[in-house]
Structures are given as C-alpha cells and as structure tokens.
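What follows is a short report on a single structure.
The values are calculated or read from the model by the stated rules, or taken from the named source; none is laboratory data. Everything quoted here is computed from the prediction, not taken from an experiment. Using ideal geometry, Cβ is built from the backbone for each residue, glycine included, and neighbour counts are taken over all protein chains shown.
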Protein chains: 10
Amino acid sequence: MLFMAEMEVRLPADMPAGEADEIKAREKAYSQELQRDGRWRHIWRVAGRYANVSIFDVGSVDELHDLLSGLPLFPYMDIRVTALAGHPSAIAEGPNAPENREKERGS
Amino acid sequence: MLFMAEMEVRLPADMPAGEADEIKAREKAYSQELQRDGRWRHIWRVAGRYANVSIFDVGSVDELHDLLSGLPLFPYMDIRVTALAGHPSAIAEGPNAPENREKERGS
Amino acid sequence: MLFMAEMEVRLPADMPAGEADEIKAREKAYSQELQRDGRWRHIWRVAGRYANVSIFDVGSVDELHDLLSGLPLFPYMDIRVTALAGHPSAIAEGPNAPENREKERGS
Amino acid sequence: MLFMAEMEVRLPADMPAGEADEIKAREKAYSQELQRDGRWRHIWRVAGRYANVSIFDVGSVDELHDLLSGLPLFPYMDIRVTALAGHPSAIAEGPNAPENREKERGS
Amino acid sequence: MLFMAEMEVRLPADMPAGEADEIKAREKAYSQELQRDGRWRHIWRVAGRYANVSIFDVGSVDELHDLLSGLPLFPYMDIRVTALAGHPSAIAEGPNAPENREKERGS
Amino acid sequence: MLFMAEMEVRLPADMPAGEADEIKAREKAYSQELQRDGRWRHIWRVAGRYANVSIFDVGSVDELHDLLSGLPLFPYMDIRVTALAGHPSAIAEGPNAPENREKERGS
Amino acid sequence: MLFMAEMEVRLPADMPAGEADEIKAREKAYSQELQRDGRWRHIWRVAGRYANVSIFDVGSVDELHDLLSGLPLFPYMDIRVTALAGHPSAIAEGPNAPENREKERGS
Amino acid sequence: MLFMAEMEVRLPADMPAGEADEIKAREKAYSQELQRDGRWRHIWRVAGRYANVSIFDVGSVDELHDLLSGLPLFPYMDIRVTALAGHPSAIAEGPNAPENREKERGS
Amino acid sequence: MLFMAEMEVRLPADMPAGEADEIKAREKAYSQELQRDGRWRHIWRVAGRYANVSIFDVGSVDELHDLLSGLPLFPYMDIRVTALAGHPSAIAEGPNAPENREKERGS
Amino acid sequence: MLFMAEMEVRLPADMPAGEADEIKAREKAYSQELQRDGRWRHIWRVAGRYANVSIFDVGSVDELHDLLSGLPLFPYMDIRVTALAGHPSAIAEGPNAPENREKERGS
C-alpha cells in the first residue's frame, strides 16, 4: 500500500554543526535500510528546499507512522502524508502496476 | 530529469456524460503511451479525490509543459509542478538511483 | 485500518430539487450499507455546514478510494483524507483500542 | 454532545528530554482517565505528525474547554475544535447512533 | 451554551430579484423569531460584506445545526462555527456573565 | 459603535510562571474595568484555545486601538478586528438593537 | 474616522457589455459624489487588477456599511475593511494629521 | 508614483525595553522626515495590531526600496508592497487627483 | 523600472473555441508589440499551467496598469504584480545591470 | 533550461552583525560568479523585503539544487522554485527567445 510523505526539515539555527551532522548521518542510514527492504520505495529532493518527496510501500498506517516517527530528524520535520490508490490509467507492465510492485520491492 | 505533477480535475457539472467519458478515454490512452515510453514514470490516484500524483522523467521543462498541456483533460485541470533533484540518501541499487533510471525508461 | 474523511458537499445551485433528493436518497442508502458492514465506522455532521466527518475502517487505500469515489454525491464533494494510526494513549478496553475494532465491525 | 479536537503538539526544541517525558506521562494518564469515564470517546494518531484527532462527548462547551485547557501539553498545543451534530444517515444500531452513545460512555 | 456563527452569503448572480427578496424576507422572519425566543442572542453585520457575525445560545450542537441548516439562505451560505466557553475575566454583573444569560433570553 | 476583536495569546515558552501570572492578573483587572464601564461589551473564551472573541462598544477607532494596545498581554497577542454594523434583521427589543445598547452600557 | 476598504470586482463573464458599462457609470458617479463630500477620501487602482484601495472618512461603522453596500457594483465585489487609527508618528502639519482631516474634507 | 506598504512589526520578545524604545525613536524621526518631504504621504495605524498602512509617493521602485529597507525597524518588519495606479473615478479637485499630488507634497 | 507580473488565465469552460482562438491571437500580437518596444522585457510559460511570469520595464505604475488592463485576456486573468528594485549583487556587465537595460530595450 | 527561484531571507535576530556581514559577502561573491558564467541569468530585489526573484539557466534540476543549496545564506532562506518553459508569444529577436539564450550565457 502506497503513501506519499512530503517532508520539510527545519533544524534550529543554533544547533551545533557536529550535532546536526550526526543526526543527518543516522537519518541517512535509517532511510537507506528502509529503501533496501523496499518500504521506502522512492526519495527525491525538492529542488531549492531542505525537503523531500518520498513514496512508502507499507502494510498499514500504523507501520507508516512507526517508520516516520522513528526518523532521527522527526522532531525537526513537518510531514504531510497523502494516501495513494492505484490509478485506473496505470499500465500493467510499467514499474507502477500493482503486480510489479512486489517484484521491485528488492525481492 | 524528474518532475512531480499534482493534478486536480474539475469537470463542469453540466458536461454531458458521453463527452466526459470520451475525453477520459483519450486521456487514458495519452497517459499510457507516455508511461510505455518511460516519460510518465509513475501515476497514483489521491485517495478520495479526482486527482493524481505523477512523476515525469523528461529532458527539459519545455518537454514537460508540452506533455502536460497536451493532456485532453488539461483545460479542466489544476496542476502543481515540483522539480525533483536526486536525494543524497537515495541508494544506488534501488529503482530510484540515477543510473537505474535510464534502464527503467523502457530502453 | 482507519482513515478520517472530511467531506464538503456543494450541489450546483440550479440542480432541480427532485434530482438532488434522489441523489441524497441513494447516498444515504449507500452510506448505511457501509455502516452496517462496519467499514463506515462513524459519520458526524459538521455543525452549520453541508459537510461531515467520517471514520472509515478498511483493508487498503484502494478499498477506501473505491468506497469514496463510489459515493453518489462524489462528483459534488471536496474530500480530505487523513490516515489515522493507533494512539499510544488509547486505552485497551475502550471502543478505540485496536483489538476491539474487529469486534465492533459487526463481525 | 460530540466535538472533534484536532491537536498539533510542538515542544520547544531545547526542552530537556526528561522534562518532555514527564509531561507526556502526565498527558497519557490524564487522557486515559477521560477515556475510561467516556468523555474522551476516541483518540487517533495522525500518521506522520505529532498530532491527534480526538472525539469528545461532553455536556457543555465549558466542560470541553476545561478538559482541553487542563491537558498537561496544552501550552504546547494548537487545537482546532469542530462541533459535531448527529448525521441524518447515521444508522441506529451502530456505535454512532445517539441512543448507543450513552451505553458506550462506560456505563 | 454559546456558539459564534460567521455567515457569508453568496446568491447566484442570475437569481431573479423577486426570488432573492422573497428568500431574504423569510430569512428575516426566521431570524427574528429566534431572536425573540433568545436562541439567536446577537446578530451584527460585517461592514462591507454580505455577511454577519451571530451568537447563538442553544442547548446542544444538534439544536444549533437544526437552526442553521433551517435558514432559508442556508444553501447560499458559508458558515464557520466557533464553540464559545465562559471567559475567566467575564464580570459577573455584565450581560456576559452566565447567570445573567437566562435573564436576558427574553424571559 | 461595535467592533469584534479575535485575540490569540502566545506567551514565550520560557517566560517564568510568576511573570506570566502577574501579567494575566493585570490583564483581568484591565478587562473587567472596561467591562464595567460598558466598552468591553462581551468576552468569550474560544473552546480549546488560549484565545477569546470580544465585542467592543467604543466611540472611535482610535479609542478601540488605545484600549487594545493598552492590554498588558498586547505584546504577546495576535488580534484581528472586524468592524460591525447594525444588522437589518436585528429585532428592536433584544439586547442587540441599537437603542438598547446605550441602556446596557451600564448607564 | 478612517477605514481602508480593499475592493476586488468580478463581473460575471456572460454579463452583456452594455449592462456592465451602465453599472460602471453609476458606480463612478456614486463614488465621485462621495469623494466630493469628503467621505471617500482616497481611491487608487491596484496595478494589474480590477481592484482598488480606498480610504473612507465616516462618522460610524453603520455609515461605512451603508456607503459600501450602496455601491452599484457591490453584488460583484469582495471587500475587505480595515479600521485605521491615527499613527503616533503622523506629523501634525501633513495631510495625515487628525486636525487637518476636517479641513481637507471640503468643509 | 504611489505605492501602498502594509507593515507588521514583530520585535523579539526578549529585546530589552531600552533598546526597543531607542529603535522606535529613530523610526519615528526617520518617518517624520520622509513625511515632511512628501515621500511618505500617509501613515495610519491598523487598529489592534503593531502594524501600519502607509502610502509612499516616490520616483522609482529603487527609491521605494531604499526608503523601506532604511527603516530602523526593517529587520523586524514584514512588509507587503502594492503598486497603485490612478483610478478612473478619482475626481480631479480632490486630494487624490494626480495634479494635486505635486501641490500636496509639501512643495 | 521593473515589475514582475504573474498571470493565470481561466477562460470560461463554455467559451466557443473560435472566440477563444481569436482573443489569444490578439493577445499574442499585443504582447509581441510590447516585447519589440522593450516594455515587455521577458515572458515565460509556467510549466503545467495556463500561466506566465513576465517582467515589464515601464516608466510608471500607471503605464504598467494601462498595459496589463489592455490585455485582450485581461477579463479572464488573475494577475499578481511585484515591484522589483535593483539587487546589490547584480553584476554590472550582465543583462541585469541597470545601464544595460536601456541598451537592451531596443532603443 | 530556465527556473524562477523566489528567495526570502530570515536571519536569526540574535546573529552578530559581523557574522551576518561575512555571510552576505560570501553570498554576493557566490552569486556574482554564477551571474558571470550565465547560470544566474537575473536577480532582482523584491521592493520592501529581504527577498529576491532570480532566474536560473541550468542544464538539470540537480544542477539547480546544487547551486541553490550551495548558497551561503541557504540555511536562512525559504526558496520557491518554478519551472519555466518557453512562451509561445516570446518574440524571436528579443532577449527572451530560446536561440538568443545561448548567446547571452556568455558562451
């Protein structure tokens, strides 16, 4: 099941650089692990902003919230979640079609 | 190069059903052709709305605008475009990484 | 899995009363059937508006979208969907706790 | 009488973790007591946000405000209240119907 | 129990003047009856707009919604309801204090 | 002449409790004095928020601004002023009618 | 007493040109009469919009609303009113100072 | 050439009173000098807010920006500029008409 | 003097195609003439929308408004004007620097 | 390929003047270098705000994001990016026409 999460990050201006880098490193590791297991399907940088558009493929809303609220940067994030259904125009054989999602989830 | 397009469709309430169905059929064909050639990378339905979130992979902004303004439903659409850059956390071997995008564009 | 749907209805001012009543009757029947099978868990009227706040309990986002887009009033609705996870403070024995939801879905 | 309260929590970035945990513990106890006596009818977590959607069943607006302003996290909350009336489509025998509300309030 | 209702009226531009005047006359009569029985406590015109700010004193949210949705102009109105509690600074002997409200309700 | 003032209060999170209580005490005294002399006609608490809706009856805009900017909490307030005219539906004998306002101003 | 009124005009697209010109002519005459008697103190065109910023000098809010709601274009206008007080920095001898306003009102 | 500037001032809550007063004094002197030379044509206080509506009469946008960015309070201001053209209804002999503006600029 | 104008066009859904094409042809000719004389300095299409971002170089706000309100599509446009000053970082020899603007205006 | 970037700068109120000046100096040098190599095509100051409107001419969205996120002031900026396509009305021989862009990029 797919959800879009649009995440804006605002770190406090007075956060020491070292602390910020450490959190960002943990965030990157956390994200890459979820990308490898296929639940974090896509992550793109919004041009010009410390923000991303991500697509999650999870089994439930609870699982989605656990993933998002577990982000190291979560306390500094404004996240907007949009529930995504399959689109009637989505072509079967593309990366988008339901039956291909399982294949693409890193299986 | 990736762009997100969030499209809301508002057909006039007094449009005859037949005319609406005809435009939707052309829209579906138009979309599926672009999905097959890889430029319309993803299309998802926003749950509860006559709206979609789409990801386009195009060579220029002009190409993007030509595709969007060529949509049969374009006169009835409110479209918001977001330019997407690669994200530093995107893992190389996923569907997301730059080098895989060419492969996935149906080449 | 729970989703909140906030629905505003705007019927065209020039819609004949008879036609409006007919659609509303179908809407009511449609809603009550879903309430009986437990998927439309709650429906409340927003005081002062032709709008409601509803809570759906469904198995997937696709199912949610099918239910919402199948509403007879859907073409005249502006719907905002919010994905709801379980809350850490929710008490077990209340109507809210996950394990009671199955019971309450009329199963 | 039902009211929806949508609560966003923003704790100061520089609040010591211990202090935050202590307030959250008091908040949880406060909420669970109200859930047990039936006045805090529902509480759900908004996926991806430190926010909740709650439904209160109270005797007056004053009672509602006393409950909300008594929340330990109140000083750090942005709360939007929506007054909810019974919906004409609400089925009698569901958890939603007026006559069942009394039963469900922990009687 | 007090509720503020902020009402904006937008009549269709092509509504015949006679029809508009007839609805407005019914609206005025409807409002004045509720003012006499004390439930419509205050009604003020927002300077420069076809809008009003009203204060209702009702026994429940359902009663409030019945009153508002019964307004002849309701189909052409955008109404925002705010639930009002007693204010800790409200002086006892003023028109505002709870105990005076009963007196002032035209009893 | 009537004006609605919608006031949201946001005290700095790190303001010592004693200082806050002291300002609030001065605010209450200031408000109650104006209520007694009839210029602060109504004050209601917005349910769920540290905010109020107030109705002022003053002789000029300058007088209104002097009253509002003199509030001890003014530096921490976001105030929205709406100019209120008499409403054509307002019934003569109610608390609302112009001729009663002079009486009710504690004359 | 000064009020700013920001007025946006939206005429129905299908209004016959003749009818529009006739209303605009009445609007111009109406406005110029109020400018001559000093109550419509200033009227400026917002560059690029069918909108104006106006400053009114009136004796009461009721008078302001009567003037605005009497505008021939009123049914097609969205008007935002801002109550203006004297500014502590306003220099005495300028057109702005209170004591000069009487002189400038053509008295 | 006329521009409206709507200025909201937000001083940091922890700015020492002395520092604030000093800046305000410089701001007042700065403003009054520009009022005397006619470039700061009008300044009004927005009732209930630490904000003003001002009308500037300058020779270019660059001149306008230099004046505004030179305000002592500029770092604490949110300023919205609206370019104002002459209005076709503006009467010749009023303070508003173009030909009178030169006269009124304190020449 | 430079102004940015952001223009959104919304043609009535029921406007005959021929009429729309005729207006668009006049709009194109009107625009190209102003581009040739240098006053319409830049015009770009907003990707995905029937909208443009334009930069005008005019002698006064009145001239700007005359140009914009003279657009054949003006009745169907929503235009937002932003006054642009020279930027302190603008390099002298670029197309941006003031002294080059005269050259580039085709003088 | 063209992108508009609208940048608002908000420096922390308590940043020492020296630190601010140092960052601004680096920002100016950074910007001017990009202007010289033609990628930062235009930069204008928004009158009355610490903000600019810029036009970038880059080869990809990634390049755009690298340029913007490399700005010394980036951590204190709110940037809104709009993708710009060629406009069908753009005249060939103007600075705007595609074929002239290469020439003007200092190639």
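Listing for the model above:
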{"read-out": "Filter result for E:ILE79 (under 30 Å from G:ASP14 (Cα atoms) and within 14 Å of chain D (Cβ to nearest Cβ))", "value": "yes"}
{"read-out": "Selection within the stretch I:51-66 - within 7 Å of another protein chain (Cβ to nearest Cβ) and touching a Phe, Trp or Tyr at 6+ places or on another chain (Cβ under 8 Å)", "value": "I:ASN52, I:VAL53, I:VAL61, I:LEU64"}
{"read-out": "Odd one out for H:SER69, checked against (1) free of Cβ contacts under 8 Å to residues at least 24 places away in the same chain; (2) more than 10 Å from chain I (Cβ to nearest Cβ); (3) hydroxyl-bearing (Ser, Thr, Tyr)", "value": "(2)"}
{"read-out": "All positions within the stretch C:1-13 that are touching a residue at least 40 places away in the same chain (Cβ under 8 Å) and either within 21 Å of E:PRO75 (Cβ to Cβ) or within 11 Å of chain D (Cβ to nearest Cβ) (or both)", "value": "C:MET1, C:LEU2, C:PHE3, C:MET4, C:GLU6, C:MET7, C:GLU8, C:VAL9, C:ARG10, C:LEU11, C:PRO12"}
{"read-out": "From B:SER69, B:SER31, residue being modelled with pLDDT of 95 or more and closer than 18 Å to I:ARG10 by Cα", "value": "B:SER69"}
{"read-out": "Extreme residue, surrounded by the most Cβ atoms within 10 Å (Cβ to Cβ), among residues of the stretch E:14-29 that are free of Cβ contacts under 8 Å to residues at least 40 places away in the same chain and aliphatic (A, V, I, L, M)", "value": "E:ALA20"}
{"read-out": "The stretch C:33-89, residues that are at positive phi and surrounded by 23 or more Cβ atoms within 10 Å (Cβ to Cβ)", "value": "C:GLY48"}
{"read-out": "Count of the stretch G:14-50 residues which are among the aliphatic types (A, V, I, L, M), more than 9 Å from chain H (Cβ to nearest Cβ) and in contact with a strand residue (DSSP E or B) (Cβ under 8 Å, 6 or more places away or on another chain)", "value": "1"}
{"read-out": "Every pair of residues 6+ apart whose Cβ atoms lie under 9 Å, when the first sits in the stretch I:85-98 and is within 11 Å of chain H (Cβ to nearest Cβ) while the second is crowded, with 18+ Cβ neighbours inside 10 Å and modelled with pLDDT under 65", "value": "I:GLY86/I:ASN96; I:HIS87/I:ASN96"}
